[in-house]
1. Among the numbered criteria (1) surrounded by fewer than 16 Cβ atoms within 10 Å (Cβ to Cβ); (2) farther than 23 Å from residue A:331 by Cα, which single criterion is violated by residue A:32?
2. Wholly within the stretch B:133-211, which helices (runs of 4 or more DSSP H) include no fewer than the required count, namely at least 1 residues that are buried (at least 23 other Cβ atoms within 10 Å of the Cβ), within 14 Å of chain A (Cβ to nearest Cβ) and of a type in the set (Gly, Ala, Ser)?
3. Given the options B:196, B:168, B:153, name the one that is within 10 Å of the chain's Cα centre (by Cα) and under 13 Å from residue B:87 (Cβ atoms).
4. Just to be sure before I move on: is residue A:181 surrounded by fewer than 22 Cβ atoms within 10 Å (Cβ to Cβ), closer than 25 Å to residue B:92 by Cβ and within 19 Å of the chain's Cα centre (by Cα) in the structure I sent?
5. Test residue A:86 against the criterion of being part of a loop (DSSP other than H, G, I, E, B), touching a residue at least 12 places away in the same chain (Cβ under 8 Å), surrounded by fewer than 24 Cβ atoms within 10 Å (Cβ to Cβ) and touching a helix residue (DSSP H, G or I) at 6+ places or on another chain (Cβ under 6 Å), and give yes or no.
6. Looking only at the stretch B:120-153, which residues are free of Cβ contacts under 8 Å to residues at least 40 places away in the same chain and polar (S, T, N, Q)?
7. Return only the number of the condition from (1) in contact with a Ser or Thr (Cβ under 8 Å, 6 or more places away or on another chain); (2) more than 30 Å from residue B:76 (Cα to Cα); (3) within 14 Å of chain B (Cβ to nearest Cβ) that residue A:199 does not satisfy.
Amino acid sequence: MTDVSSTLSEASPPRAKRRRAVLPIIEIAMLAVFLLLPLVLQDYLTVFMTRVLILCLFALSFDLVWGYAGIMSFGQAVFFGGAGYGVALLGRDLGISSMLLVVPAGVLIGFALALLIGGFLLLGRNPSSVIFVSLGTLTASYAFDRLARGWYYLGGQNGIPSIPQMTIGSYDLGEGPVFYYLALVILVAVYAVCRYLVRSQFGLALAGLRENEQRIAFFGYKVQHLKAIIFSLGGAIAGLAGSLYAFHEGFVWPNMLGVVMSTQVVLYVLFGGSGTLIGAVIGTVVIEIVSFWLSNSYQDIWPIILGALMLLVILFRPAGLISLIVSHSERIGSFGRPPKGSDHGSA
Amino acid sequence: MALLEARGMKKVFGKLTALNGAELTVQPNEFHGLIGPNGSGKSTMMKCIAGAEVPTEGRVGFDGADITSASPAERARAGMSLKFQITSVLPALTLYDNVLLALQGQTALSKLMFSRTRGLLHDKVMAMLEQFRLVDRAGEHASALSHGQQQWLEIAMALAPEPKLLLLDEPTGGMSLEERRVTGELLAPIKSRCSLVIVEHDLDFIRDICDRLTVLDQGAVLDTGTVEQIQASPKVQEVYLRRA
């Protein structure tokens, strides 16, 4: 047998072909564009783009759950809207609007709701089927929507209007460039944490979960726990997005919890490309901007045009827009850490 | 004390009785072959031992504990490892990541989040790939391997966590004669480290590497003993001749 120790000193897992990493370039380019936008946009467009950034955060939560762990959640809006309603009630009933309180509260609400629903759907003795989880989350989204519409305390069909502005100390965070940059900082921070996570060994476990759930159970992975953790984490990020959204818009309404919002986030990620994080951001930005432009230019038929466009992308590019510029292997990435001098590294 | 004891194993799928009182005993560091005609219940027996199927009746004892109702993950953490009949490497991942995935399976999830263990596991990953002659292709995706190499990779993955018992279901299925010979060479050195239960149709291969054999027929044990005893068994010869 070959002397292993001597080989190890030289061996490293080489790549089949060295390819230039495209993902970091796209990430930096998008960050640069986001940083400059308020300097060139009119105020109402800065407000619009702030909303888009918050929705990007929401899309990240879904990409983590579906794109990386393969859990099809059709109820992601429950965590988004649940946190939105939660912080709206804090503002309306208790007069609490400090960012240092309401944002962590939103995260906690999203996390707790996801843990509750995920615990029920994912923590059985045997791994749950995709259909069970999809229908379970869809049902939860519908149920929460109906609950909000029918409960007078939550404002019924009208939701909760006139939420006070979010504050940092004595400074009011109203719509505009300050809120925009706050949303951008939070988006970048969450993106960085998610990126670290999915490139860590935990990310490798997620890749195994997505690729062959049954197989990794035989390696000793507690598959159900892994799913519940990532589902709850996704819920926490959706809750963060929901709390920002509520204060940015100034009101919450039942649609934030419902099936329409849950489907919308699926489309963002599907359109941009799942399992890359940046694909979720691109999908959200493109869909929201195209919707905005189409709704101004073609007021009667814009949903049909948008739907046809999305159908084309999904039919001809099932891996989303990101697959036009990023290779399959780079999207999957690699997790091994080679010795110095090797060209094997994470994407 | 035996490492593995499966007693009174019965498995019923609707009207089909796949196992009907089958038994298996494996000692530490023993290579044990499970043979029999097609449909005799070999793969079902392996699945019931590994936890992929729950036996309708019977009991599985492993390393002194009753694991009959344990999940596959609990069995893996107890020291049992399985290579499926159908190759199930993860084609989208590199060879390196496939082995790393197997190796870190018993690490606490909280530790995986911080990846502190990755550096420690690197040498083990490379050693496994080296042992199975795949180290030069460590950075390639598993989908690029030939069928035989995928089988080797899967054996390497199953061995990576250093199990006490390795279950191999048809490890040479679809391999060329040369690949089968190499597979035998690759498995021989593990005898000092773990026990092996192997299901295989290639009787020459089984004869070369196994200490003892158990022959299944119609879900029950037909005979069990050393290779020589089984070769001389009239009952076994009758079954194989009957099916030939």
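1. Among (1) surrounded by fewer than 16 Cβ atoms within 10 Å (Cβ to Cβ); (2) farther than 23 Å from residue A:331 by Cα, the lone unmet condition for residue A:32 is (2).
2. Numbers: elements: B:147-159, B:177-187, B:203-209.
Filter on the stretch B:133-211 gives B:147-159.
3. Numbers: B:196 fails: under 13 Å from residue B:87 (Cβ atoms); B:153 fails: within 10 Å of the chain's Cα centre (by Cα).
Exactly one of B:196, B:168, B:153 is within 10 Å of the chain's Cα centre (by Cα) and under 13 Å from residue B:87 (Cβ atoms), namely B:168.
4. On the way: surrounded by fewer than 22 Cβ atoms within 10 Å (Cβ to Cβ): yes; closer than 25 Å to residue B:92 by Cβ: no; within 19 Å of the chain's Cα centre (by Cα): yes.
Considered against the rule, which asks whether it is surrounded by fewer than 22 Cβ atoms within 10 Å (Cβ to Cβ), closer than 25 Å to residue B:92 by Cβ and within 19 Å of the chain's Cα centre (by Cα), residue A:181 comes out as no.
5. No, not satisfied.
6. Those that are free of Cβ contacts under 8 Å to residues at least 40 places away in the same chain and polar (S, T, N, Q): B:146, B:149.
7. Exception for residue A:199: condition (2).
Here is a yes/no grid of residues against (1) buried (at least 20 other Cβ atoms within 10 Å of the Cβ); (2) more than 30 Å from residue B:50 (Cα to Cα); (3) without any contact (Cβ under 8 Å) to a residue 12 or more places away in the chain; (4) of a type outside the set (Val, Ile, Thr):
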position	(1), (2), (3), (4)
A:162	no, yes, no, yes
A:176	no, yes, no, yes
A:220	yes, no, yes, yes
A:246	yes, yes, no, yes
A:256	yes, yes, no, yes
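Taken together, the values in this text are just the output of simple stated rules run on the coordinates, not laboratory data. From a predicted model like this one, the values you see are computed outputs, not experimental measurements. Virtual Cβ from ideal backbone geometry, glycine too; neighbours counted across all protein chains shown.
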